[in-house]
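A.B. asks: Dumping the structure here so I can ask a few things about it.
The values are calculated or read from the model by the stated rules, or taken from the named source; none is laboratory data. No experiment lies behind these values; they were computed from the predicted model shown. Positions of Cβ are generated from backbone atoms using ideal geometry, with glycine treated the same way; all protein chains shown enter the neighbour counts.
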Amino acid sequence: MRRVGSRSRSSYKKTPETSFSDDEYNFDECLTFYRKLLLLNEKNNASTAMVKIHKFLSFNEKIFSSSSVAETFLYFCLHGAATAWILQSELNMPEATAYRALKRLRALKIVLPAIKVSKIRNSKGGPRPIVWALTDASTEEISKALMLHFRTLSPKYRVAEEVAQTILDEYVNRRHVEEISYREILILIKEMHIPFRTPDIAYLASQYLHERGVKVWR
C-alpha cells in the first residue's frame, strides 16, 4: 500500500441540478458510513448512543489528528500486522515517522509486539525488528507481515516491485486490461536493462502483479 499524491482540482460551477462540488458530494459516503456505524445496535437509547458517539469522536481525534498515525492505523486495519520497515516501504514513510506512529498506537493500546524478527545473516548489529499487530490480528496476518518484511529487504524484490508497478501503470492500466503473459513480462524487463537476471525479476514481478489482481499467463 503507497501514499496517494495530491490531485489537481478542476473548477466547478454549480447549477440548479447540482448543489455540491465533486469533493463535497463525497461526504454522502461518509454520512452513510457513520449512519451504519451508529445504527449497528438499534436497541440503544439516545443517551447510550451519545456516549458511544463521544467515545468514537474522541478516538478519531486521537488517531486522525496526525496524518502519519492515521495512515499507519489504516494500514493495520487492512493488514493486521507490520514492522517499522514495512511501513517505511509500503507507505513511503520516513524511519523516524514510522517509529513515532507505532509508539503512538502502542500508547493507545491499539498495537502490541507480536514477535521479534530473526536477524539476517551478515546484517549489522542493533535491536531485532518487531512485528507489531492489532490485538485481534490472526496468526496468518502476522506470518504475512513477517514474510513481507524479509521480501522488502531484498534488493531484487525492491527492483521487481518497481518494475511491476511500471508495467501496471504503463501497460496494464493504460491498455485497460487485467491480464498479461509471462513472456510479455520477460520482454518488457529486458527492454528496461535491469541489473539482475531477467527470470528472477520476472518471477518476483509476476507475483506482485498477481497480488494486485492481474492474471499472468504462462
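A.B. asks: At pLDDT below 90, of a type in the set (D, E, K, R) and closer than 29 Å to Val117 by Cβ: which single residue out of Glu141, Glu170, Glu162 fits that description?
C.D. replies: Step by step, each of Glu141, Glu170, Glu162 is checked, and only Glu162 is at pLDDT below 90, of a type in the set (D, E, K, R) and closer than 29 Å to Val117 by Cβ.
A.B. asks: So which residues in segment 138-156 are touching a helix residue (DSSP H, G or I) at 6+ places or on another chain (Cβ under 8 Å) and touching a residue at least 60 places away in the same chain (Cβ under 8 Å), if there are any at all? Spell out the reasoning first.
C.D. replies: As a first pass, look at segment 138-156 and keep what is touching a helix residue (DSSP H, G or I) at 6+ places or on another chain (Cβ under 8 Å): 141, 144-145, 148-149, 151-153, 156.
Within segment 138-156, Glu141, Lys144, Ala145, Leu148, His149, Thr152, Leu153 meet the criteria.
A.B. asks: So, one more: Could you list, in sequence order, the residues of segment 172-194 that are under 20 Å from Pro155 (Cα atoms) and touching a residue at least 12 places away in the same chain (Cβ under 8 Å)?
C.D. replies: Listed by number, the residues that qualify are Ile185, Leu186, Leu188, Ile189, Met192, Ile194.
A.B. asks: Would it be correct to say that Leu134 is surrounded by 14 or more Cβ atoms within 10 Å (Cβ to Cβ), of a type outside the set (Lys, Arg) and in the same structural domain as Ala107 (by TED's automatic domain parsing)?
C.D. replies: So Leu134 passes the test.
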